[in-house]
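Asks: One structure, as structure tokens, below. Some questions next.
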Amino acid sequence: MDSRVLSRAIRDVLTHHGGLAVDLQAVPDSGDLYALGLASHATVNVVLALEDRLGIDIPDELLVKSTFAPIESIRDALCDL
């Protein structure tokens, strides 16, 4: 999947399931989502929504905090699937 398309899909999922009180369009791909308020419980919702939207299963070894801290890490992890 094209990385730009994937980044947009990630931002859309984060907007609807991340519980963040910030405009994600203003957050750089390298921005720390946890510092912006992403909670552990919301991360689970984001994982489930990404799997559903993209029709993928995210492997257990990727289900670590560092994978979901910045958007670029999420994108890079999912590009490799």
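The values are calculated or read from the model by the stated rules, or taken from the named source; none is laboratory data. Owing to the predicted nature of the structure, the values given are computational and were not obtained by experimental measurement. Cβ atoms come from the backbone with ideal geometry, glycine included; neighbour counts cover every protein chain shown. All accessible areas refer to the heavy atoms of the entire protein, side chains included, with ligands and DNA or RNA removed. Shrake-Rupley method; radii C 1.70, N 1.55, O 1.52, S 1.80 Å.
Asks: Please work out which option in (i) 22, 13, 10; (ii) 29, 14, 12; (iii) 17, 14, 12 gives semi-axes √(5λ) of the Cα gyration tensor in Å calculated from these coordinates, and answer with its label.
Replies: Correct label is (iii).
Asks: Extending each Cα 7 Å along its Cβ direction at Asp23 and Asp76, get the distance between those two points in nm, one decimal.
Replies: In this crude spin-label approximation the distance works out to 2.8 nm.
Asks: OK, next. Leaving out ligands, DNA and RNA, what percent of the accessible area of the chain is carbon and sulfur, probe 1.4 Å?
Replies: On the way: 2350 of 4670 Å².
Result for the chain: 50 percent of the exposed heavy-atom area is carbon or sulfur.
Asks: Could you tell me the accessible area of Ser66 in Å² (1.4 Å probe, neighbours in place), rounded to the nearest ten?
Replies: Answer for Ser66: close to 80 Å² accessible.
Asks: Could you tally the net charge around Leu20, taking each other residue with its Cβ under 15 Å from the Cβ of Leu20, Lys/Arg +1 and Asp/Glu -1? If you can, show how the numbers build up before the last one.
Replies: Working: positive: Arg11; negative: Asp12, Asp23, Asp29, Asp32.
Surrounding charge for Leu20 is -3.
Asks: Then there's this: How far is it, in nm, from the label point at Asp60 to the one at Leu48 when both lie 7 Å from their Cα along the line to the Cβ?
Replies: Between Asp60 and Leu48, the label points sit 1.9 nm apart.
Asks: So, one more: How much solvent-accessible surface does Arg75 expose, in Å² to the nearest 10, with a 1.4 Å probe and all protein chains in place?
Replies: The accessible area comes out at roughly 40 Å².
Asks: Around Cys79, what is the net charge, scoring Lys/Arg as +1 and Asp/Glu as -1 over all other residues with Cβ under 12 Å from its Cβ? Before the final figure, lay out each step's value.
Replies: Working: positive: Arg4, Arg75; negative: Asp2, Glu72, Asp76, Asp80.
Neighbourhood net charge equals -2.
Asks: Separate question: At 1.4 Å probe size, what's the solvent-accessible area of Glu72? Round to the nearest 10 Å².
Replies: Only protein atoms counted, so the area is about 70 Å².
Asks: On average, how much accessible surface per residue is there in the chain, in Å², for a 1.4 Å probe, leaving out ligands, DNA and RNA? Each step should come with its number before you reach the end.
Replies: Values: 4670 Å² over 81 residues.
About 58 Å² of surface per residue is accessible.
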